[in-house]
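What follows is a set of notes on a single structure, which appears directly below.
The values are calculated or read from the model by the stated rules, or taken from the named source; none is laboratory data. A quick note: this is a predicted structure, and the numbers were derived from the prediction, not measured. Cβ placement follows ideal geometry from the backbone for every residue including glycine, while neighbour counts extend to all protein chains displayed.
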Amino acid sequence: MSKTESTPLGEQRVDSWLWVARFFKSRSLAVTAIAQGKIRINDQECRKPAKVVRPGDRLQVERGGEHWTIEILDLARQRGPASVAQTLYAETPDSADARRIAAEARQQERALNPTRHKPDPHTRALVRALRGKPG
């Protein structure tokens, strides 16, 4: 069998799977998250990027303040479009609800604190003038 022929994957490195499933923009970011203890496999801490995952494994992923609990449905050799990546896993209903509630809380926080925005050019010029800086 040549290397170009496709064979079904039985297992895959966790860092590679996280990248292929588009949880991280690069494998090195996935490796960093794993080293920081932000990935759990089947309720056990994972600190090694070479740890093997298989379909049916349950992952807990923490990224940017968001938490996912997912079940791996499939593996893939290479990264594809997001629509394909979403077919590789299924998020648990509890996880989806928790993420939705957290997103609503962030949205309400932004609505209550509208001053956390970038000042417009006119305001920036006034601030520079008040500080005595040119330009």
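Tabulated values for the structure
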{"read-out": "Output for segment 49-71, where each listed residue is at negative phi and either outside the structural domain of LYS38 (by TED's automatic domain parsing) or of a type in the set (Gly, Ala, Ser) (or both)", "value": "ALA50"}
{"read-out": "The one condition in (1) modelled with pLDDT under 95; (2) touching a Ser or Thr at 6+ places or on another chain (Cβ under 9 Å); (3) not in a loop (DSSP other than H, G, I, E, B) that ARG77 fails to fulfil", "value": "(3)"}
{"read-out": "Test for ASP97: is it touching a Leu at 6+ places or on another chain (Cβ under 6 Å) and among the charged types (D, E, K, R)", "value": "no"}
{"read-out": "Criterion: among the charged types (D, E, K, R) and in contact with a Leu (Cβ under 9 Å, 6 or more places away or on another chain) - qualifying residue of GLU104, GLU71", "value": "GLU71"}
{"read-out": "Hits in segment 90-135 - residues which are assigned to a helix (DSSP H, G or I), modelled with pLDDT of 90 or more and either closer than 24 Å to ALA21 by Cβ or of a type in the set (Asp, Glu) (or both)", "value": "PRO93, ASP94, SER95, ALA96, ASP97, ALA98, ARG99, ARG100, ILE101, ALA102, ALA103, GLU104"}
{"read-out": "Residue match in segment 43-50 (condition: crowded, with 19+ Cβ neighbours inside 10 Å and not acidic (Asp, Glu))", "value": "yes"}
